Amino acid sequence: MLFRSIPVRSEIGREIRRAFIAPRGKTLLSCDYSQIELRLLAHIAQDPTLVAAFSQDADIHAATASQVFNVPLEEVTTDQRRQAKTINFAVLYGQSGFSLAQTPGVDTPTANKWIADYFERLPGVKQYIEQTKAEAHAQKYVKTLMGRRRTFTDLESSNFNVRQFAERAAINMPIQGTAADIMKLAMISVHHFLKTERVQGCTMILQVHDELLFEVEEGFLPEITPRIVALMEGVAPEITVPLKTEAKAGKNWADMKGISG
């Protein structure tokens, strides 16, 4: 079964997730790729700052805040980290300073400066964006790392807004598309493992965005969790930054606690 999204931060989303309950004698296991799109941005752009942060398992939003706001990592405030998180995803989705200003509640000149400072200190990301945009205009398509194409017919539109939307989508597609490809490979890998080893105590039941959900016999959880995590993290060895997978378990999908993979 495939869902586009069941939000975990809203109350209605949590209530929906709370309705997914493990059968008697079983528990739900969630294995979720952590920040996979930012990790793929680091790999594709090969920006040294992003690659180093993920390779050292650093807090990527704090690391970005340290760079953008020019403060030592240990002095990054909660507000600066929150702002850096907004910047990270704004850059990932090609937002302008005007659009970025709507989210954290700052004015457009400040948001423009944040983006300019981000690109100055993480030049690999800027280079990736400009190169991808140029390739998209020249080829009318972009590709994921696995070679899957998406065509963009609106890149030459006379309508500025339509053209800008197509450019943003083209910039994001190699990252978001590769994340989707990796998830499919992970599902195939885990399914093959469960089938070939005739694992009876674990069933893969859902895939939602970057997360796989399983029903697992309670006593089997310590054995199966590290094996699934290892499969998910190793499914794309060509990626040069770690594909970290976070595992959680609980009797329902909303009330889960982190467990060691």
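Less than 5 angstrom separates the built amide H of residue 209 from those of 3, all sequence-distant by 5 or more or on a different chain.
Here residue 203 and residue 240 are evaluated by their C-beta separation; at R0 = 25 Å the FRET efficiency comes out at 0.15.
Computed extension gain for residue 21 through residue 146, at 0.36 nm per residue and net of the alpha carbon distance, reaches 41.4 nm. Farthest towards the positive end of the charge dipole of region 40-157, among the residues 53, 93, 114, is the Cα of 93, using unit charges on the Cβ of Lys, Arg, Asp and Glu. When each full DSSP H helix of the chain is screened for a Cα extent of at least 15 Å along its own axis and an average Kyte-Doolittle hydropathy of at least -1.0, the helices passing are 78-92, 108-121, 160-196, 221-233. Grab the other residues whose beta carbon is less than 12 angstrom from that of residue 224, score K and R as +1, D and E as -1, and report the net. My count for the surroundings of residue 224 gives -3.
Entry note, region 56-175: relative contact order of 19 percent, from Cα contacts under 8 Å with a spacing of 6+ residues. Spacing of the modelled spin labels on residue 192 and residue 160, each 7 Å from Cα toward Cβ, amounts to 5.0 nm.
Relative contact order of the chain, taken over Cα pairs closer than 8 Å and 6 or more residues apart, is 33 percent. Surface composition of region 45-162: carbon plus sulfur atoms contribute 49% of the solvent-accessible area (1.4 Å probe, protein chains only, all chains present).
Taking the solvent-accessible surface of protein heavy atoms with a 1.4 Å probe, what is the per residue accessible area of the chain in Å²? Please list the in-between numbers first.
Numbers: 13680 Å² over 261 residues.
Accessible surface, normalised per residue, equals 52 Å².
Computed about the Cα centre, the dipole magnitude for region 104-183 is approximately 240 debye when only Lys and Arg (+1) and Asp and Glu (-1) carry charge, each at its Cβ.
Each stretch of four or more DSSP H residues adds -39500 (n - 2.57); spread over every residue of the chain, this sum gives -17000 deg cm²/dmol at 222 nm. Beyond 32 Å in Cα-Cα separation lie the following of the pairs 85/133; 133/195; 126/184; 140/195: 133/195; 140/195. Among the listed options (1) 1.39; (2) 1.00; (3) 0.97, the one matching Rg/Rh (Cα atoms, Kirkwood Rh) as calculated from these coordinates is (2).
Under 5 Å from the amide H of residue 259 lie the amide H atoms of 247, 248, 249, each residue being 5 or more positions distant or on a separate chain, with H modelled from the backbone and absent for Pro and chain starts.
The values are calculated or read from the model by the stated rules, or taken from the named source; none is laboratory data. Computed from a prediction, not measured in an experiment: that's the story for all the values here. Glycine gets a Cβ as well: all are built from the backbone with ideal geometry, and neighbour counts include every protein chain shown. Accessible surface is based on the protein model in full, side chains and every heavy atom, while ligands, DNA and RNA are left aside. Shrake-Rupley method; radii C 1.70, N 1.55, O 1.52, S 1.80 Å.
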